[in-house]
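Chemist: I have a structure here, written as C-alpha cells, and I will follow up with some questions on it.
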Amino acid sequence: MKRQMKKLVFPIAAALVLAAGCGTQAATSNAATSDTADSVKVKPVHIAVVSLYDNDEWSAQFLSGLKAAAQNYPDVTLTETQASYNQAEMVSQLQAVIAQHPDVIIVNHASQPSALAPAVQQAINQGIKVISVEADIPVKGVAHANENNQQLATLSLDALAKGIHNKGNIAVIWVGGFTPMVQREVSLKAFEKAHPDIHVIATYGDASNTTISDTMARTEALLRQYPNAGQLSAIWASWDQFAIGAVKAEQALQRNVPIYGIDVSNQDLALMKQSNSPWKATAANDVYQYGAAMVNYAVRDAYGQSIPSSIWIPGALIEQSNLPPQGENIHDFFLSILPSETSLGSSPLLQQLAKEKQ
C-alpha cells in the first residue's frame, strides 16, 4: 500500500526522551529482559475493567483492543463496568469489583483520580494488582498508563501555530480534573509562552453524556460573538469529542475556522474528509493497540512478572492533507505509521501463553 508519509510526524524518540527525563519507563517496546519462559503453567486470570464512561469512540477502540488481546491467552476472563461519567458511581463499582477479588483491576479514566484512592488502596492491600489508564491515582503500587499527552498536545498546537502563521486569536476547548487534560494543559501553557502573538480569547468545555451537543452550542455562541473574518483564527480542541462538537457548530453556521484536535477515530476521519471540513489536523495514537497493551501488562502482572510503574503511549500527527484511504480502518492505518505500538507490553511469557492458547 503506497502512501506519502512525509506529512506524518513520528516523535517516538521525543517520547522516549520525555519519559526518561521524568524518571519513568517509556512503553514503546519494553519486553522485560528477565521474562524468560521455556514453558509456563497456565492459570486462570480475572481482569476487571472499571471505566468512568464508555460512550465515545476512544472507549470503543480501547475496549475492543482489550477484548481482542484477552482472547490471545488461555483462561483469561475480562469483566467490565462503566459509570456514565458519575465519579461516585465509579467508586461504588470499584468497591463491588474488589469484592470479587480479581487478579488485576484496570481503572479507565477518572474525573477525580484522588477520589478512587481509598478503594484502590484497599485493592492493593488485598493483593489485587491495579493499572490506571489516563488516571494518575495517588496510591503506591499502581502502574500508571497514559498517552503521551504532553506530546500529543504539542503536536497539535504546533500544527495550529503553523496553520495561522504564529499570529492570531484562538479558542481553547478544555476541561479540568482529568489526568490527560491536566497533562495537555502543561503543553498549552508552554505554547502560550512561546507564542506571544497567539492569544487565547475563550476557554470552555465539559465532559458528560452530552459533551458533543454542549460543545456545539457553546461553539455556536462563540462564533456569533466573533462573526468577522480575522477575529478568531483557530480553535484548539483538547479531545476529539470537543472537536466533533466544534465541527458541527461551524457546519450549522456555515463558518470555516480551522480546528486542531487530539485523538482520532473512524468517525473523526469521516468528518476530516468532508468537503471544506475545518478540522485540519489531530494528534493521536492507536487506541485499539493501547487497550491490547493493557491486557498484555495485566496478564504479566497476574503471573507475578514486573511491569513498568509508568507506561507512556506515543502518538503521531495526522493532517487533513494525508488521511488514510477511504474505507481503511484506523487501526490498520496506525499499523503503518506507528508499527512499534504492536509490541507494547510483549514478553516471552506472553508468547508462551499464546502458544498454549493455540
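The values are calculated or read from the model by the stated rules, or taken from the named source; none is laboratory data. The structure presented is a predicted model; accordingly, all values stated were derived computationally and were not measured. Heads up, the Cβs are rebuilt from the backbone with ideal geometry, glycines too, and the neighbour counts pull from every protein chain shown.
Chemist: Please indicate, with yes or no, whether at least one residue in the range 160-172 is assigned by TED's automatic domain parsing to the domain that holds residue 230, closer than 18 Å to residue 263 by Cα and surrounded by fewer than 15 Cβ atoms within 10 Å (Cβ to Cβ).
Modeler: no
Here is a yes/no grid of residues against (1) among the small types (Gly, Ala, Ser); (2) buried (at least 23 other Cβ atoms within 10 Å of the Cβ):
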{"residue": "217", "(1), (2)": "yes, no"}
{"residue": "227", "(1), (2)": "no, no"}
{"residue": "233", "(1), (2)": "yes, no"}
{"residue": "237", "(1), (2)": "yes, yes"}
{"residue": "245", "(1), (2)": "yes, yes"}
{"residue": "256", "(1), (2)": "no, no"}
{"residue": "261", "(1), (2)": "yes, yes"}
{"residue": "264", "(1), (2)": "no, yes"}
{"residue": "290", "(1), (2)": "no, yes"}
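Chemist: Restricting attention to the range 173-200, which residues are surrounded by 20 or more Cβ atoms within 10 Å (Cβ to Cβ) and of a type in the set (Gly, Ala, Ser)?
Modeler: 187 - this is the single residue of the range 173-200 that is surrounded by 20 or more Cβ atoms within 10 Å (Cβ to Cβ) and of a type in the set (Gly, Ala, Ser).
Chemist: Next question, about the same structure. Within the range 73-88, restricting attention to residues that are in a strand (DSSP E or B) and among the hydrophobic types (A, V, I, L, M, F, W, C), which residue is surrounded by the most Cβ atoms within 10 Å (Cβ to Cβ)?
Modeler: Step one: of the range 73-88, the residues in a strand (DSSP E or B) are 76-82.
The next check asks that each one be among the hydrophobic types (A, V, I, L, M, F, W, C); those that pass are 76, 78.
Numbers: 76: 21, 78: 19.
So, considering only residues that are in a strand (DSSP E or B) and among the hydrophobic types (A, V, I, L, M, F, W, C), the one surrounded by the most Cβ atoms within 10 Å (Cβ to Cβ) is 76.
Chemist: Here's a follow-up. For the range 159-193, give me each residue that is over 28 Å from residue 52 (Cβ atoms) and either free of Cβ contacts under 8 Å to residues at least 24 places away in the same chain or aromatic (Phe, Trp, Tyr) (or both).
Modeler: Listed by number, the residues that qualify are 162, 165, 192, 193.
Chemist: Please go through (1) over 21 Å from residue 145 (Cα atoms); (2) of a type in the set (Val, Ile, Thr); (3) part of a loop (DSSP other than H, G, I, E, B) for residue 318 and return the number of the only condition it doesn't satisfy.
Modeler: (3)
Chemist: Take residue 15 and decide whether it is among the aliphatic types (A, V, I, L, M), at pLDDT below 95, in contact with a Ser or Thr (Cβ under 8 Å, 6 or more places away or on another chain) and not in a loop (DSSP other than H, G, I, E, B). Spell out how you get there, then give the answer.
Modeler: Values: among the aliphatic types (A, V, I, L, M): yes; at pLDDT below 95: yes; in contact with a Ser or Thr (Cβ under 8 Å, 6 or more places away or on another chain): yes; not in a loop (DSSP other than H, G, I, E, B): yes.
Answer is yes for this residue.
Chemist: Only residues that are polar (S, T, N, Q) and under 23 Å from the mean Cα position of the chain (by Cα): list them for the range 164-193, please. Before you say what the answer is, go through the steps one by one.
Modeler: Step one: filter the range 164-193 for residues polar (S, T, N, Q), giving 166, 169, 179, 183, 187.
Across the range 164-193, the qualifying residues are 179, 183, 187.
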